[in-house]
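*Asks:* What follows is a single structure, and I will ask about it in a moment.
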Amino acid sequence: MTGITRLLLSAFIAITLPASFASAKTVRDMGSTARAVMGDSLWQEALAAHDAHADSITNDDYMIVIDYARPSGEARFFVIDMQEETAKAYLVSHGRNSDKNNDGIADAFSNVSGSKMTSLGTYVTAETYYGKHGLSLRLDGLEDSNDAARARAIVIHGADYVNASRAKMGRSWGCPALEQAVAADLIPKIAEGALIYTRGPGAEAQQFAQVDGKAG
């Protein structure tokens with residue numbers, strides 16, 4: 001095959017392949033406008049949460065949005081550059097008892113100690129520390145749905161069970177665990193006062209997600 005023929009064939013494939021195939025690179029590797037990456041509904045929810053808790057924010061360089069309505073095999077931990085209003089997304093775990101049948105979908109949430117469930121709502125990041133998972137980031141819940149986060153030791157940390165080779169991520173005891181390398185890079189940037197907004201299934205039309213207060 002001549003060089004010209006190969007060039008023409010490549011152009012033909014690029015034109016005729018479905019857009020979904022052409023954009024198969026996962027969002028976790030892309031940087032674009034926050035609205036484009038997250039979708040308009042989630043972006044608007046995030047802005048509402050940001051406005052509602054503006055007095056709690058001391059690190060406004062970044063904002064985090066976690067969309068637990070998506071399966072764990074999708075990049076759903078959105079890191080928003082608040083100056084540029086761009087976003088990248090990463091893989092993140094959810095709680096073991098938020099997904100009892102281990103199908104990768106979180107469908108139950110709790111703020112109760114010992115539940116091993118994810119808590120929904122808005123958080124603010126706090127101090128870092130080194131624990132059994134290495135560099136970790138404490139979180140303070142700002143709403144009734146997650147105000148026990150610190151007492152429950154719900155923190156951001158790295159975990160081997162979160163990685164791109166898995167179809168669905170492993171489950172935590174309620175913590176939003178990240179890939180090890182991602183955690184090491186992001187935690188220092190988002191510590192000390194960045195806002196985290198989380199939502200779950202069925203929350204698309206709500207300003208803030210609702211929770212199931214039952215323990216697991």
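*Asks:* Do we have Ser56 as surrounded by fewer than 21 Cβ atoms within 10 Å (Cβ to Cβ) and within 14 Å of Gly141 (Cα to Cα) here?
*Replies:* When the stated conditions are applied, Ser56 passes them.
*Asks:* Taking only pairs six or more apart or across chains, which ones have beta-carbon atoms under 8 Å, a first residue in region 51-67 that is free of Cβ contacts under 8 Å to residues at least 60 places away in the same chain, and a second residue that is crowded, with 16+ Cβ neighbours inside 10 Å and of a type outside the set (Phe, Trp, Tyr)?
*Replies:* none
*Asks:* Which count do you get for residues in region 146-175 that are within 15 Å of Gly104 (Cβ to Cβ), part of a loop (DSSP other than H, G, I, E, B) and either in contact (Cβ under 8 Å) with a residue 24 or more places away in the chain or among the acidic types (Asp, Glu) (or both)? Quick ask: steps written out before the conclusion?
*Replies:* We begin by selecting, within region 146-175, every residue within 15 Å of Gly104 (Cβ to Cβ); these are 161-172.
Still in the running and part of a loop (DSSP other than H, G, I, E, B): 161-171.
Then drop every residue that is not either in contact (Cβ under 8 Å) with a residue 24 or more places away in the chain or among the acidic types (Asp, Glu) (or both), which leaves 161-164, 166-171.
The number of residues fulfilling the criteria is 10.
*Asks:* Right, another one. Among Lys100, Lys132, Lys88, which is the only one that is within 14 Å of the chain's Cα centre (by Cα) and charged (D, E, K, R)? Break it down stepwise before answering.
*Replies:* On the way: Lys100 fails: within 14 Å of the chain's Cα centre (by Cα); Lys132 fails: within 14 Å of the chain's Cα centre (by Cα).
Exactly one residue qualifies, and that residue is Lys88.
*Asks:* Looking at the structure I just gave you, is Ser136 in a loop (DSSP other than H, G, I, E, B) and crowded, with 20+ Cβ neighbours inside 10 Å?
*Replies:* Numbers: in a loop (DSSP other than H, G, I, E, B): no; crowded, with 20+ Cβ neighbours inside 10 Å: yes.
Criteria not met by Ser136.
*Asks:* Taking the residues in region 165-202 that are over 15 Å from the mean Cα position of the chain (by Cα) and either under 17 Å from Arg70 (Cα atoms) or modelled with pLDDT under 95 (or both) as candidates, determine which candidate is surrounded by the most Cβ atoms within 10 Å (Cβ to Cβ).
*Replies:* Applying the filter and picking the extreme gives Arg166.
*Asks:* In region 82-105, which residues are among the basic types (Lys, Arg) and either at pLDDT below 95 or touching a Gly at 6+ places or on another chain (Cβ under 6 Å) (or both)?
*Replies:* Quick first cut of region 82-105, residues among the basic types (Lys, Arg) only: 88, 96, 100.
Within region 82-105, Lys88 is the sole residue that qualifies.
*Asks:* Keeping to region 84-114, report how many residues are assigned to a strand (DSSP E or B) and free of Cβ contacts under 8 Å to residues at least 24 places away in the same chain.
*Replies:* Within region 84-114, the subset assigned to a strand (DSSP E or B) is 86-90, 95.
Filter again for free of Cβ contacts under 8 Å to residues at least 24 places away in the same chain, leaving none.
So the answer is 0.
*Asks:* Let me ask something additional. Does Ser115 satisfy the criteria of being crowded, with 20+ Cβ neighbours inside 10 Å, modelled with pLDDT under 95 and over 16 Å from the mean Cα position of the chain (by Cα)? So that I can check it myself, show each step before the final result.
*Replies:* Values: crowded, with 20+ Cβ neighbours inside 10 Å: yes; modelled with pLDDT under 95: no; over 16 Å from the mean Cα position of the chain (by Cα): yes.
Considered against the rule, which asks whether it is crowded, with 20+ Cβ neighbours inside 10 Å, modelled with pLDDT under 95 and over 16 Å from the mean Cα position of the chain (by Cα), Ser115 comes out as no.
The values are calculated or read from the model by the stated rules, or taken from the named source; none is laboratory data. From a predicted model like this one, the values you see are computed outputs, not experimental measurements. Cβ atoms come from the backbone with ideal geometry, glycine included; neighbour counts cover every protein chain shown.
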